[in-house]
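Reviewing the structure listed below.
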Amino acid sequence: MSRMGSQDGYLLDNRRREAGQRFDTFAELFDPWTFAHLDRVGLGEGRRCWEVGAGGPSVPAGLARSVGPTGRVWATDIDTSWLTGPGAGAVTDTATDAGPIEVLRHDVTRDEPPATGLDLVHARLVLVHLPDRAAVLARLASALRPGGWLIVEDADPGLQPLACPADTGAAGERAERIRRGFRALLAQRGADLEFGRSLPGLLRGAGLQDVQAEGYFPFTSPAGRELEAATVRQVRGQLVDAGPVTDAEIDAHLACLAEGTLDVTTAPLITCWGRRGAAP
């Protein structure tokens, strides 16, 4: 979600209004998949969890409900405004049915973990945008207790590069140019567009055991169209400046999305998990 490195280099600035719309669509698209994996590794009462680059409130709030009043959730980000500002909801609620959450401003590329001996560390759509990803992943793994789990979820656009898998004529061709332009902008900012597939090797390289991975590929949905529209609006100026599309073409693309006449996909989300072994 939100990036923990310098936002000068991050294309999708969290200070923009569209960031909140993106977080809402991430929650609708990905939270059921994410929490199926969090539950699989034994999320429950009393657990201590770190949500890395939380961005919006949905995952920290869900973790808090799972760990209950005896658990603890650290929600960190380099920009915590979507966690503590208006609309943050349960993230700032410390009632017994929500569980305690501590929101911290934190740069995972430089700062030490907010706690150690953790049962779970989770990061979604974070590492792909960061420099020296392997070192960051090793830092996340170091925060776990023996037997604790690290779950990392990141996109791999190279596995499925199309915006519209079905042939949709001129509207689809325009959507493909916009998607290629967006990915070119990401690559220019240092994002690794083939990162998701490298996660199993990176988790094993960080010393984790029982490493597994799965992919999730939402094909089409209203939330997928909303995510596409929010993303395009956020980077509209850069797309036009780079030349793949004109302002008029972006208007036409947004109109198709609003009408629900264009089936657009997200990049595959690769979810990878591994367990820290017992101390020697």
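If I compute solvent accessible area with a 1.4 Å probe over the protein chains, what percent of it on the chain is carbon and sulfur?
On the way: 5820 of 11300 Å².
Carbon and sulfur: 52 percent of the exposed surface of the chain.
Compute the accessible area per residue over the chain, keeping the other protein chains in place, probe 1.4 Å, unit Å².
Numbers: 11300 Å² over 280 residues.
Computed with neighbouring chains in place, this is 40 Å² per residue.
Per DSSP helix of 4 or more residues, -39500 (n - 2.57); summed, then divided by the residues of the chain. What does that give at 222 nm, rounded to the nearest 500? Mind dumping the intermediate values first?
Numbers: 9 runs with 108 residues, N = 280.
The helix-only estimate for the chain comes to -12000 deg cm²/dmol at 222 nm.
Who wins for biggest fluctuation among 33, 82, 149 in a Gaussian network model of the chain, springs between alpha carbons below 10 Å?
33
For an R0 of 25 angstrom, estimate the FRET efficiency from the Cβ-Cβ distance between residue 170 and residue 238 and round to the nearest 0.05. Present the calculation step by step, with values, prior to reporting the outcome.
Working: r = 23 Å, r/R0 = 0.93.
So the FRET efficiency works out to roughly 0.60.
The values are calculated or read from the model by the stated rules, or taken from the named source; none is laboratory data. Note that this is a predicted model, so its numbers are computed, not measured. Don't worry about glycine lacking a Cβ; one is built from the backbone with ideal geometry, like all the others, and counts go over all protein chains shown. To get the accessible areas, we keep the full protein, side chains included, count just its heavy atoms, and leave off ligands, DNA and RNA. Shrake-Rupley method; radii C 1.70, N 1.55, O 1.52, S 1.80 Å.
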